[in-house]
1. Residues to consider are Ile108, Ile53; find the one that is touching a residue at least 40 places away in the same chain (Cβ under 8 Å), assigned to a strand (DSSP E or B) and more than 16 Å from the chain's Cα centre (by Cα).
2. Scan the range 275-292 residue by residue and report those that are part of a loop (DSSP other than H, G, I, E, B) and in contact (Cβ under 8 Å) with a residue 40 or more places away in the chain.
3. Quick one: count up the residues across the range 154-189 that are under 18 Å from the mean Cα position of the chain (by Cα) and not acidic (Asp, Glu).
4. Please go through the range 293-350 and give me each residue that is outside any helix (DSSP H, G or I) and hydroxyl-bearing (Ser, Thr, Tyr), ordered by number.
5. Among Leu118, Leu149, which is more than 28 Å from Gly309 (Cα to Cα), of a type in the set (A, V, I, L, M) and without any contact (Cβ under 8 Å) to a residue 40 or more places away in the chain?
6. Restricting attention to the range 234-247, does a residue exist that is over 18 Å from Pro341 (Cα atoms) and modelled with pLDDT of 95 or more?
7. Out of (1) out of contact with any Gly (no Cβ under 7 Å at 6 or more places or on another chain); (2) of a type outside the set (Gly, Ala, Ser); (3) surrounded by fewer than 17 Cβ atoms within 10 Å (Cβ to Cβ); (4) more than 30 Å from Ile173 (Cα to Cα), what's the single condition that is false for Val44?
8. Would you mind listing the helices (runs of 4 or more DSSP H) fully within the range 167-274 where at least 1 residues are over 27 Å from Glu61 (Cα atoms) and assigned by TED's automatic domain parsing to the domain that holds Ile314?
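The values are calculated or read from the model by the stated rules, or taken from the named source; none is laboratory data. Here the structure is a predicted model, which means the values were calculated and not measured. Here the Cβ is made from the backbone with ideal geometry for all residues, glycine too, and neighbour counts use every protein chain on show.
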Amino acid sequence: MSIKKESSKVIRLAHGAGGSMGAQLIEFITKNIPFKNVNNGIGVEELDDAATIPLENYDKEIVITADGHTVFPIFFPGGDLGKLSICGTVNDILMMGADPIALTSIIIIEEGFKFETLAKVIESFNITAKEANIAVIAGDTKVMPRGTLNEIIITTTGIGIRDKKIKIQDNNIKVGDKIILTGTIGDHGTALMASREGLNISSDLESDVAFLLDLINAIKDEIENNFVHAMKDPTRGGIAGALNDWANKNNMSILIEEEKIPLKKQVQAICDMLGLDPFNIACEGRALLAVDLSKAEEILNKIKNTTLGREAEIIGEVRADNPKRVLLRTIVGGIRFVDMPLGEPIPRIC
């Protein structure tokens, strides 16, 4: 697809919301980058949660990720823009089996934004960074003219480090792997939508936004011994997007069990009301793991012993048949495809 051909088209919200349209935009932006990795590490082409820079003559590699946070409203049930910015960045580093050590931040503010509101966002940002034990070492601040930006955007770059022997990567899943989901799905997106639209379905529904440090630390031995083959936080595009990504990258299929997928009644009610599929809706404090069959139950039990992982379940397995497809065995026993979403159905949720 040439730049000339694309010039007659426009960018839509769905292009920035994960799914197949997001993949098209990323391919358009990245296809002509001249150098796409460093020292043969994971780079742009792999489209993982983070990239790696193997260090010559050392047994370690740097893990680096970048993220933009445009959530609206900036304060939502269970969190805010500041907390989300830290959690999203930390989790992307953790999903590579790395230890987060530092981040940079860029804050872009609309003219007229109140210092009082900015103080609340920054306080939350700093508190969450302290809880995650991650240093904020550099950044930049810009102010845009009134009307050219909606309130505030925060972009971050996260830096971590991991042993070279750790092989966690999207294209590393194996036939027979069990798929673990660490908690309920759709909480973040539906909580924001309910708040944004004034839906009074439940006053206690909150975003799941959280960093996954304790949960990942609980299975550190299994990660270091490569019993965990891949990890992914199902943000934009939800678990449908994340699982389809794995299936496509590995030329395998993933079969999941509907009755095993944790889902709050409030989330299901909001999805039914709005015609949404909870499988497509973003989470901000959950992880999907593809783990070795021999260690699956042990890893699950360790996750369930953490605060964030109490509702974790083994929801499916990796198979060789029906390559590049995600299949769902329904509660009534039928099988249907779970397709890659076009994009996140709820805009500006992360």
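1. Values: Ile53 fails: touching a residue at least 40 places away in the same chain (Cβ under 8 Å).
Criteria check complete, one pass: Ile108.
2. Leu276, Asp277, Ile281, Ala282, Cys283, Glu284, Gly285, Arg286, Ala287, Asp292
3. Within the range 154-189, the first condition is being under 18 Å from the mean Cα position of the chain (by Cα), and the residues that meet it are 154-160, 168-173, 179-189.
Filter again for not acidic (Asp, Glu), leaving 154-160, 168-169, 171-173, 179-186, 188-189.
Residues flagged as under 18 Å from the mean Cα position of the chain (by Cα) and not acidic (Asp, Glu) within the range 154-189 amount to 22.
4. Going residue by residue through the range 293-350, those that are outside any helix (DSSP H, G or I) are 305-350.
Answer for the range 293-350, where residues must be outside any helix (DSSP H, G or I) and hydroxyl-bearing (Ser, Thr, Tyr): Thr306, Thr307, Thr330.
5. Leu118
6. Checking the range 234-247: not a single residue is over 18 Å from Pro341 (Cα atoms) and modelled with pLDDT of 95 or more.
7. Tallying (1) out of contact with any Gly (no Cβ under 7 Å at 6 or more places or on another chain); (2) of a type outside the set (Gly, Ala, Ser); (3) surrounded by fewer than 17 Cβ atoms within 10 Å (Cβ to Cβ); (4) more than 30 Å from Ile173 (Cα to Cα), Val44 fails exactly one: (4).
8. By residue number, 187-197, 238-250, 265-274.
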